[in-house]
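Comments concern the structure below.
The values are calculated or read from the model by the stated rules, or taken from the named source; none is laboratory data. Treat the numbers as computed from the prediction; the structure is a model and nothing was measured. Using ideal geometry, Cβ is built from the backbone for each residue, glycine included, and neighbour counts are taken over all protein chains shown.
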């Protein structure tokens, strides 16, 4: 799998260093908080003032806004002024930089269920993907997953309520003896993932909310 070198990822983050006070301040907690994420009160006006798609990302110790200055095909590059980078495909995080234990790559054998659209998956649909971890240079770890729908839930994002279909993904990484549940809240019509909780590694869990979405990749 071709991946972008870390130095190139970080150089894109520099594009946003001075773009907006919201971007600069929100990721400050990522570098300083050790007891838990400091909640950020993001407003619609603040989001609209930044000329990029934006997401709110929460980790175990931080919370902040990231923006997407670039897309290459279906690969999205989300960056923050603190040089953190997420790469996503169809709502799934496939690589991280600057967030502690790094996810160095993700690949599927055959069609990704996220590209197909989670709204099209039957209950119990099984899939396998392989991940590379920078921690210990672990390459090609199998992630076995099974998807199940859990009905419509109302989620409020900024100043608007959304009726979204929740899809749970039970993940199992036998090599690491690791099991977890990822959750995705999707538009039931086109499968766009508005919110997700993704266990990328045993030590890295991200909660992601679309604040200003780019709907170019919906199915």
Practice prompt. Filter the stretch 188-211 down to residues that are buried (at least 18 other Cβ atoms within 10 Å of the Cβ) and in contact with a helix residue (DSSP H, G or I) (Cβ under 9 Å, 6 or more places away or on another chain) and give me whichever is modelled with the lowest pLDDT.
Written response: 201
Practice prompt. Determine which single condition residue 139 fails, assuming it passes every other condition in (1) surrounded by 12 or more Cβ atoms within 10 Å (Cβ to Cβ); (2) closer than 25 Å to residue 203 by Cβ; (3) at pLDDT below 95.
Written response: (1)
Worksheet item: What is the residue count in the stretch 69-82 for residues that are in contact with a strand residue (DSSP E or B) (Cβ under 8 Å, 6 or more places away or on another chain) and surrounded by fewer than 20 Cβ atoms within 10 Å (Cβ to Cβ)?
Response: 5
Worksheet item: Is it true that some residue in the stretch 145-164 is surrounded by 14 or more Cβ atoms within 10 Å (Cβ to Cβ), in contact with a helix residue (DSSP H, G or I) (Cβ under 7 Å, 6 or more places away or on another chain) and closer than 17 Å to residue 202 by Cβ?
Response: no
Discussion item. Pull out all pairs, ordered by first then second residue, where Cβ-Cβ is under 7 Å, the residues are six or more apart or on different chains, the first lies in the stretch 39-60 and is closer than 14 Å to residue 210 by Cα, and the second is assigned to a helix (DSSP H, G or I) and at pLDDT 85 or above.
Written reply: 54/47
Response to the item:
Inside the stretch 90-114, the number of residues satisfying the requirement of being under 17 Å from residue 191 (Cα atoms) and either at pLDDT below 95 or surrounded by 19 or more Cβ atoms within 10 Å (Cβ to Cβ) (or both) is 7
